[in-house]
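The values are calculated or read from the model by the stated rules, or taken from the named source; none is laboratory data. Since the model is a prediction, treat every value here as computed from it, not as a measurement. With ideal geometry, Cβ positions are generated from the backbone for all residues, glycine too; neighbour counts draw on all protein chains shown. When the accessible area is computed, the model is the full protein with side chains, heavy atoms only, and any ligands, DNA or RNA have been set aside. Shrake-Rupley method; radii C 1.70, N 1.55, O 1.52, S 1.80 Å.
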2 protein chains.
Amino acid sequence: MAKRTQKSNGKPRLSKQDRHTLRQLEQLAHTVVQAARRHRAPYLDIPARSLSNVRFNKTRRILEMGRNTNRRQLFNLNQAKSYMQTLLVASGCKRLIDEGKTTSIRGLYYMLKHTIKGTKEETFDEQAECDPVIEDLEVLVRCLREELHLYAQKKGDMVGPLVLVDNGDQIDCSRMGSGGYGIPSIVEPERIQFKKCTADFVLHVEKDTVWQRFNEDKFWKKHNCILTHGGGQPPRGVRRLLYRLHHELELPIYCLLDNDPWGYYIYSVIKQGSINLAFESQRMAVPEARYLGLRSKDFQECELSESVKIGLTDTDRKRARQIAQYPWFAHKKKWQKEIQQLLDNDFKLEVEALISKDISYVTEVYVPERIAAGDFLD
Amino acid sequence: MAKRTQKSNGKPRLSKQDRHTLRQLEQLAHTVVQAARRHRAPYLDIPARSLSNVRFNKTRRILEMGRNTNRRQLFNLNQAKSYMQTLLVASGCKRLIDEGKTTSIRGLYYMLKHTIKGTKEETFDEQAECDPVIEDLEVLVRCLREELHLYAQKKGDMVGPLVLVDNGDQIDCSRMGSGGYGIPSIVEPERIQFKKCTADFVLHVEKDTVWQRFNEDKFWKKHNCILTHGGGQPPRGVRRLLYRLHHELELPIYCLLDNDPWGYYIYSVIKQGSINLAFESQRMAVPEARYLGLRSKDFQECELSESVKIGLTDTDRKRARQIAQYPWFAHKKKWQKEIQQLLDNDFKLEVEALISKDISYVTEVYVPERIAAGDFLD
């Protein structure tokens with residue numbers, strides 16, 4: 001990755017992290033060899049990724065996986081295929097690391113998909129069959145998929161007083177014009193190093209269009225912050241970057257999202273991660289992230305006009321009630337009030353609704369006032 | 001925009017383009033005043049954006065609008081509202097230019113949406129009502145929406161041997177690490193100036209995940225090109241940038257897209273623009289753009305395995321036949337053969353399918369060979 005150089009034998013020099021990941025993968029392969037040598041049936045004990053095996057650690061405020069595992073056996077007709085798939089995915093990731101390359105989960109699927117010799121059986125019929133196996137492997141070898149050299153979709157941009165080194169190139173995020181620095185999908189320390197940062201906080205906004213407003217108004221310059229967006233639900237790279245900005249540079253993270261269940265959900269994922277990927281939340285979640293808005297009280301507080309209301313749908317109401325039950329919201333009075341008021345309002349609000357006040361109301365009034373007053377949810 | 005400075009009266013200094021756009025908008029407002037002074041009923045003659053008023057100019061190879069117009073009258077019960085909306089959108093754009101700001105079409109909608117005094121009538125009930133009025137205004141005053149200070153979604157990234165100035169910041173696209181330069185949605189010459197370019201061509205790929213493969217393999221360095229993607233269907237900013245790279249820097253544009261009707265369609269939009277926005281094609285379309293692949297012949301030619309085939313759906317077949325009838329494909333034997341072979345194959349192929357050969361087959365073999373052989377469609 002970052003400073004990889006070619007060794008004399010043409011193979012890429014492995015980073016410390018890569019060597020660690022490889023050891024984990026080799027250990028996995030070793031279990032098969034050992035079982036064979038001992039004339040035992042090979043199996044894998046995969047930590048259960050089911051809801052029942054996930055618990056919210058209130059002290060550490062992160063999701064943790066329990067000790068339940070599912071055994072996957074080679075000599076079991078129902079499990080043989082997924083056993084094979086698990087080892088196949090592991091071998092694919094090993095190949096990626098060996099070659100010093102990364103690929104998408106779609107790419108890995110194509111790499112590994114083939115008709116099994118002498119049969120008409122495919123290794124994977126479709127990608128939906130491959131993706132959960134990747135997640136299995138992550139928990140099995142305790143590595144993020146980025147460490148397995150898999151990248152996700154690339155979305156999101158960043159500007160602000162931060163100088164970083166990306167793959168050897170020094171990038172000054174305060175000199176990125178209107179376009180900004182496209183946040184990569186793999187932002188592990190080996191690839192991205194923070195060089196210099198003078199920002200006081202991070203403002204993360206939901207949409208690129210809102211980000212453009214903040215960038216155009218040079219909000220990040222006036223308020224000395226880093227400005228990011230994730231093109232809606234932020235992809236893993238953006239979340240991991242927020243995590244690193246928070247934990248390594250100790251920057252508070254403020255989130256500006258729509259006042260609707262989708263906005264709450266985006267905040268929830270930044271804050272705690274997603275329940276079915278609990279394992280990752282330790283290195284992706286920012287429990288201290290702050291929800292700046294929009295809030296259910298804003299229609300009145302900002303004196304918005306009737307015109308900007310968007311009625312809740314049945315799905316919205318259902319989602320809102322579900323989110324209110326999330327363990328990190330369930331015991332927070334402020335959050336219960338926030339979500340209840342959304343339901344009572346029976347309408348939602350987009351960040352863009354603030355434009356009805358003034359084009360730059362959001363950058364010049366709303367956000368600065370809320371930050372100054374410490375008026376946010378967490 | 002780019003080098004705008006504040007004048008002593010606090011108003012932003014207008015660029016030449018802004019002054020031109022303002023004149024156009026003021027002229028429009030003037031028609032109302034004139035009509036009122038002459039005691040005539042005010043109206044607007046809006047160039048018809050219907051298919052029947054669009055024709056493909058085979059010599060210039062661009063879409064052109066005919067002379068048909070639709071009259072929109074204030075004193076006509078059926079047209080009064082859309083007359084009002086047209087002037088409202090025009091006044092909103094004037095305000096944006098006056099304030100030196102830009103916004104999204106969603107933002108403009110919120111800016112202009114309100115209950116009309118003394119009635120229960122909204123200026124716009126939903127954004128779907130506002131968007132076509134923006135298009136009307138574009139053809140009416142002969143300005144791109146970017147010149148009306150409206151921006152679209154921001155997607156797409158760029159790397160390569162190109163130095164540009166974006167809003168005063170100098171950006172070296174060959175020093176952008178793995179993230180790349182996020183292509184802004186407004187790339188007009190007043191905001192983005194090309195400073196230095198030593199590239200020989202542009203390779204535009206469909207997806208960010210494929211772009212990451214090419215960037216990781218430093219394809220653009222080895223082959224001295226600019227590498228762009230548009231996150232699927234490229235947004236206006238990416239298309240306009242490709243146009244400028246082609247027309248101002250005389251770079252050939254090669255497109256690497258999936259072998260399916262959607263890939264053909266993306267190529268078609270880059271090449272000719274979309275039929276219902278024919279007006280824009282003069283300043284967005286790159287008729288000389290080259291379709292490098294994937295091709296229907298590639299399954300055989302690249303000796304791909306059965307596993308990577310994805311069966312065509314009914315929608316695919318229908319879309320393929322429609323696209324074959326587009327005027328810029330209809331008389332091209334090669335394109336007819338390409339689309340017919342897709343239908344005969346009865347399967348489609350994604351660019352990622354080439355990974356089944358080798359992770360870097362697409363960057364090391366496929367694209368270099370095709371470019372060297374001049375093997376593309378246009």
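Things to note:
- Of all accessible heavy-atom area on segment B:201-274, the percent that carbon and sulfur account for (1.4 Å): 54
- Relative contact order, whole percent, for chain A stands at 14, derived from Cα pairs under 8 Å and 6 or more residues apart.
- Burial annotation for segment B:298-335: residues with an accessible-area loss of at least 20 Å² between the isolated chain and the complete set of protein chains, computed on heavy atoms with a 1.4 Å probe, are B:Ser307, B:Val308.
- Most mobile of A:Leu137, A:Leu150, A:Leu96 in a GNM of chain A (Cα contacts under 10 Å): A:Leu96
- Each chain gives up part of its surface: B and A jointly bury about 4600 Å² of accessible area, both sides summed, for a 1.4 Å probe.
- Chain A: most fluctuating residue of A:Tyr264, A:Tyr243, A:Tyr366 per GNM, C-alpha cutoff 10 Å: A:Tyr366
- Extreme residue, positive dipole direction of chain A, given options A:Gly179, A:Thr363, A:Ile116 (C-beta unit charges): A:Ile116
- The residues of segment B:336-362 listed by number as losing at least 50 Å² of accessible area in the complex, against the isolated chain and with a 1.4 Å probe, are B:Ile355, B:Ile359.
- Taking every residue in B:152-163 and counting other chain Cβ atoms within 10 Å of its Cβ, the average works out to 3.
- Per-copy distances of the A:Gln340 label point, shortest first, in nm (7 angstrom along Cα→Cβ): 7.1
- Distances in nm from A:Glu306 to the matching label points in the other copies, shortest first (labels 7 Å along Cα to Cβ): 6.5
- For chain B, built as a Gaussian network whose Cα springs stay under 10 Å, the top-fluctuating residue of B:Ser307, B:Ser104, B:Ser281: B:Ser307
- Diffusion coefficient, µm² s⁻¹, Stokes-Einstein with Kirkwood Rh over alpha-carbon pairs of chain A at 10 °C and 1.306 mPa s: 70
- Cα gyration tensor shape of segment A:1-159, rounded if a/c is under 1.5, else prolate or oblate by comparing a/b with b/c: rounded
- Peptide A:204-210 has a mean of 4 when you count, residue by residue, the C-beta atoms of other protein chains within 10 Å of its C-beta.
- Per residue value of the accessible surface for the protein assembly as shown (all protein chains in place, 1.4 Å probe), Å²: 42
- Those aspartates and glutamates that a straight Cα-Cα span of less than 19 Å connects to A:Lys81, excepting residues fewer than 8 apart in one chain: A:Asp45, A:Glu121, A:Glu122, A:Asp125, A:Glu126, A:Glu129, A:Asp131, A:Glu135, A:Asp136, A:Glu138
- Segment A:282-316 versus segment B:314-359: alpha-carbon centroid distance in Å: 44
- Only one residue of A:Ile266, A:Gln193, A:Ser281 has its Cα farthest out toward the positive end of the dipole of segment A:157-373, where Lys and Arg carry +1 and Asp and Glu -1 on Cβ, and that residue is A:Ser281.
- Pairwise centroid distance, computed over Cα atoms, of segment B:161-237 with segment A:211-232, Å: 21
- At a threshold of 30 Å², the residues of segment A:68-114 that become less accessible to a 1.4 Å probe in the full protein assembly than in their chain on its own are A:Arg95, A:Lys101, A:Thr102, A:Arg106, A:Tyr110, A:Met111, A:Lys113.
- Percentage relative contact order, segment B:16-151, counting C-alpha pairs under 8 Å, at least six apart: 25
- For segment A:16-151, a crude dipole built from +1 on the beta carbon of Lys and Arg and -1 on the beta carbon of Asp and Glu, taken about the Cα centre, is about 600 debye to the nearest 20.
- Per-residue [θ]222 nm for chain A (sum of -39500 (n - 2.57) over DSSP H runs n ≥ 4, rounded to 500): -11500 deg cm²/dmol
- Among A:Tyr83, A:Gln34, A:Val141 - extreme Cα towards positive end, dipole of chain A, charges at beta-carbon: A:Gln34
- Segment A:165-268, relative contact order [Cα under 8 Å, separation at least 6], %: 30
- Among the trypsin sites (Lys or Arg not before Pro) in segment B:217-311, none sits in a DSSP loop with a Cβ that has at most 12 other Cβ atoms within 10 Å.
- For segment A:302-346, carbon and sulfur atoms together expose 48% of the accessible surface, with a 1.4 angstrom probe and every protein chain in place.
- The magnitude of the dipole of chain A, with charges of +1 and -1 set on the Cβ of Lys/Arg and Asp/Glu and taken from the Cα centre, is near 1960 debye.
- The shape of segment A:157-373 comes out oblate: with a ≥ b ≥ c from the C-alpha gyration tensor, a/c is at least 1.5 while a/b does not beat b/c.
- Helix A:127-141 axis, angle to chain A major axis (alpha carbon atoms, nearest 10°): 80
- Percent carbon-and-sulfur accessible area, segment B:58-193, ignoring ligands, DNA and RNA, probe 1.4 Å: 47
- Dipole magnitude (debye, nearest 20) for segment B:157-373, charges at Cβ of Lys, Arg, Asp, Glu: 620
- Pairs beyond 31 Å (Cα-Cα), from A:Lys221/A:Lys357; B:Lys154/B:Lys334; A:Lys113/A:Lys318; A:Lys222/B:Lys222: B:Lys154/B:Lys334; A:Lys113/A:Lys318; A:Lys222/B:Lys222
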